[in-house]
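A short write-up of the structure that comes next.
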Amino acid sequence: MDKDSRDSSRLVTPAMLGFIVLLCTLPLWIGKVGLYPYLGIEILIWALYALSFNLLLGYSGLPSFGHGAYFGIGAYAFGLFQHNIVPSLWLCLMAALGAGLVAGAMVAAFISHRRGIYYAFMTIAFGQVFWVVAIKAHSITGGEDGLLRIARLPADFGFANIDLADNTALFYFVLAIFALALIGLWRLVNSPYGRILQAIRQNETRAAFIGHNVWLYKFTVFSLSAGLSALAGGLFAMAQTSAFPDVMSLHYSGYVVMMTLIGGGLVSFWGPVIGAALFLLARDIIGAVTTGWMLWFGLLFMAVVLFKPEGVAGWWQGLRQRTAGMSGNATGFARLRALLGGRA
Amino acid sequence: MSALFEADRLQMRFGNRIVLEDITLRFGPGELCGIMGPNGAGKTTCFNVLTGRYRPSRGQVRLDGEDITGLRPHEIARKGVSRSFQIMNLFNDFTARDNIVTALPGLRRRGFDVSHAVAANSAFADQAEVLLERVGLAGKGGVLARSLSYGDRRALEIGVALAAAPRILFLDEPTSGLGSDGTARLAALIGSLKGQLTIVIIEHDMRFLFSLADRISVIHWGQVLAQGTPQMLRDNEWVRNSNLGKLQ
Ligand SMILES: Nc1ncnc2c1ncn2[C@@H]1O[C@H](COP(=O)(O)OP(=O)(O)OP(=O)(O)O)[C@@H](O)[C@H]1O
Ligand SMILES: [Mg+2]
């Protein structure tokens with residue numbers, strides 16, 4: 001077996017282990033480089049969100065452009081569950097995950113026979129519906145004022161009850177969830193399920209005529225992606241101790257697309273993680289110099305789409321090796337085009 | 001001989017355009033059947049109805065006596081009906097080996113087994129190797145499908161269709177775009193499969209079809225105009241008057 005297939009059979013790859021170990025040391029040095037632990041929490045949450053999103057965009061070739069809806073639903077579910085039902089961290093996180101799964105399944109039931117530009121439009125439309133509901137249902141969500149006083153509930157392990165009010169403690173908690181999700185997603189994309197998703201991305205017709213139930217795969221992967229995005233949203237509500245509708249807007253839904261593409265989600269498992277980190281670092285570092293940081297990041301995004309759709313991860317892969325027959329750049333362009341082309 | 005696959009009085013209309021008038025076909029076990037007819041005759045549409053892409057407006061499709069009319073493509077495929085397409089249809093980002101593995105029934109059955117590592121499954125790899133060799137692609141398993149030569153891609157399409165472990169295989173113009181060497185190679189490949197499963201081939205290359213087929217059906221204007229052994233068809237009036245006559 002070559003290195004790639006060895007890695008794809010592993011529970012934890014060396015790169016993953018190295019990355020997680022590095023993250024474990026983050027609270028020790030992040031202050032020294034002029035940043036702060038809360039940024040670490042944000043990066044992990046958005047990286048989890050972008051990884052879930054990339055199950056659709058990069059692996060299945062399904063453009064979901066209203067994905068902020070599920071992130072927001074998770075945030076509200078986390079807050080509403082602890083306010084109205086029971087303030088247990090585990091149950092609140094389950095509620096966030098469950099709410100995302102259900103909302104995702106509802107939408108997926110309507111769109112899973114589509115692909116390409118139709119799919120993109122319908123995901124936007126449904127995303128807008130959820131966003132408007134979050135704003136209008138003032139008595140439940142607090143509307144534009146937000147859902148406030150969401151507590152950072154303690155992590156109760158039975159034998160120990162760990163307080164997460166402090167940012168460093170919360171960082172390690174979010175890191176643990178992120179690591180589990182990272183491992184789970186790595187197994188998923190390298191399983192028969194992940195293989196069939198990639199087959200569907202490349203050629204839906206061929207996949208159906210060798211016996212794969214294309215609709216069911218598209219339905220389940222959308223639901224799963226929405227569920228995990230909502231889990232990230234639940235963690236976000238906990239981190240900022242509140243939930244607001246803005247993360248559900250089209251505007252914010254665009255951020256996760258930008259992160260994923262810039263990082264290289266079209267060609268790499270790690271793309272979304274790289275992209276989320278770059279995005280938030282740019283926000284803080286360029287944002288410290290100019291309030292127009294989004295302009296610069298937007299220009300970077302345009303440059304990536306126009307010239308380097310394989311993103312940072314693809315560019316890095318290209319430095320290390322050339323994929324036989326086709327450069328990462330050509331692969332990036334082909335996949336970008338296929339996303340909205342909607343063949344078959 | 002009892003038929004493995006039967007199509008009874010199929011009609012296919014799109015709006016008020018009738019593409020298949022009245023098609024009745026029988027394919028026996030192990031038979032190699034050819035389908036010919038001019039461009040636009042309805043041959044591909046016929047395959048699309050037989051394999052579940054379209055539901056016929058009238059008529060019935062049976063596999064081994066079971067009514068499969070109106071089932072979805074993946075349901076029909078799971079019963080052992082496999083096909084290739086007139087326009088090249090591969091998973092271009094996958095290697096030749098992964099194209100085959102993706103079509104294996106073993107992988108399909110584990111489709112929701114999300115903890116299983118495809119790369120660690122040596123049975124998948126072994127089955128793929130056997131199939132690659134069978135279609136003449138031994139040693140090319142690691143090449144991306146998009147990087148294979150045109151002839152190799154045509155062979156891989158057959159490999160993918162075979163990987164799904166079919167009882168009946170529909171091939172839509174498998175030699176289209178191939179030169180004479182490529183056609184000869186494909187004829188040898190299909191000849192080597194003959195008898196192991198039922199094969200139905202749409203083909204414009206008459207030399208190819210007449211040398212391989214047990215029986216040939218001629219489709220024109222959405223109807224079966226003539227059918228019989230290659231010898232019988234040589235004597236058929238329509239066939240003699242068509243460009244086929246040039247063959248003899
Ligand atoms: N989905 C459809 N809607 C409307 N008309 C269709 C559809 N599919 C096929 N047709 C028409 O049916 C006719 C038969 O097409 P078909 O592709 O079956 O021909 P064919 O015999 O395979 O021809 P060729 O040898 O060129 O491949 C054509 O006139 C085509 O335009
Ligand atoms: Mg045709």
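Just so you know, all these numbers are worked out from the coordinates, no wet-lab data involved. Since the structure is predicted, the reported quantities are computational estimates derived from the model, not experimental observations. Note: ideal-geometry Cβ built from the backbone for every residue, glycine included; neighbour counts use all protein chains shown.
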Worksheet entry | Whole-number percent relative contact order across chain A, with pairs defined as alpha carbons under 8 Å at least 6 apart | 29
Worksheet item: Can you list the aspartates and glutamates whose alpha carbon is less than 17 Å from that of A:K32, not counting same-chain residues fewer than 8 positions off?
Response: A:D284
Worksheet entry | Mean residue ellipticity (222 nm) of chain B, computed from DSSP H runs ≥ 4 via -39,500 (n - 2.57), nearest 500 | -9500 deg cm²/dmol
Worksheet item: Taking chymotrypsin sites (Phe, Trp or Tyr not before Pro) as exposed when DSSP calls them loop (any state but H, G, I, E, B) and at most 13 other Cβ atoms lie within 10 Å, what is the longest stretch of chain A free of them, the sites themselves excluded?
Response: A:160-344
Worksheet item: Using the alpha carbon gyration tensor of the range B:92-165, what are the three equivalent-ellipsoid semi-axes (square root of 5 times each eigenvalue), largest first, in whole Å?
Response: 21, 12, 11
Worksheet entry | Whole-Hz ³J(HN,Hα) from phi, Karplus 6.51 cos²θ - 1.76 cosθ + 1.60, for the range A:201-209, glycine and proline x | 4, 7, 6, 4, 5, 4, 4, 5, 7
Item to complete: Report, in whole Å, the centroid distance computed from the Cα atoms of the range B:152-230 and the range A:195-236.
Response: 34
Item to complete: Please go through the range A:93-145 and write out the trypsin sites (Lys or Arg not before Pro) that DSSP classes as loop and that have at most 16 other C-beta atoms within 10 Å.
Response: A:R114
Worksheet entry | Tail weight of P(r) past 30 Å, computed on alpha-carbon pairs of chain A, percent | 34
Worksheet item: Listing A:M248, A:M106, A:M94 from the residue with the fewest other Cβ atoms within 10 Å to the one with the most, what is the order?
Response: A:M106, A:M94, A:M248
Fill in: Set of lysines with alpha-carbon distance to A:K3 below 21 Å, sequence-local pairs under 8 removed
B:K140
Practice prompt. Name the long-range amide H neighbours of B:L197: under 5 Å, sequence gap of 5 or more, or other chain; modelled H, no Pro or chain starts.
Written response: none
Worksheet entry | Residues B:D181, B:D205, sorted so that the one with the fewest Cβ neighbours within 10 Å comes first | B:D181, B:D205
Worksheet item: Which value, in nm² and rounded to one decimal, describes the direction-averaged projected area of the C-alpha convex hull of the range A:1-135?
Response: 11.9
Worksheet, complete the sentence: From fewest to most C-beta neighbours within 10 Å, the residues B:L20, A:L93, A:L35 line up as A:L35, A:L93, B:L20
Worksheet item: Taking N as the number of residues in the protein assembly as shown, what value does Rg over Cα atoms divided by 2.2 N^0.38 Å take?
Response: 1.12
Worksheet item: If the viscosity is 1.002 mPa s and the temperature 20 °C, what translational diffusion coefficient in µm²/s does Stokes-Einstein give for chain B when Rh comes from Kirkwood over Cα pairs?
Response: 114
Worksheet, complete the sentence: Counting only DSSP beta bridges with both partners in chain B, the antiparallel fraction in percent, to the nearest 5, comes to 55
Worksheet entry | Alpha carbon centroid spacing (whole Å) that separates the range A:24-49 from the range B:15-88 | 59
Fill in: HN-Hα J in Hz across the range A:254-271 - Karplus 6.51, -1.76, 1.60, θ = phi - 60°, x for Gly and Pro
x, 4, 5, 5, 4, 4, 5, 5, 4, x, x, x, 5, 10, 9, 4, 7, x
Item to complete: Could you run the Karplus curve 6.51 cos²θ - 1.76 cosθ + 1.60 with θ = phi - 60° over the range B:181-187 and give me ³J(HN,Hα) per residue in whole Hz, x for Gly and Pro?
Response: 5, x, 5, 4, 5, 5, 4
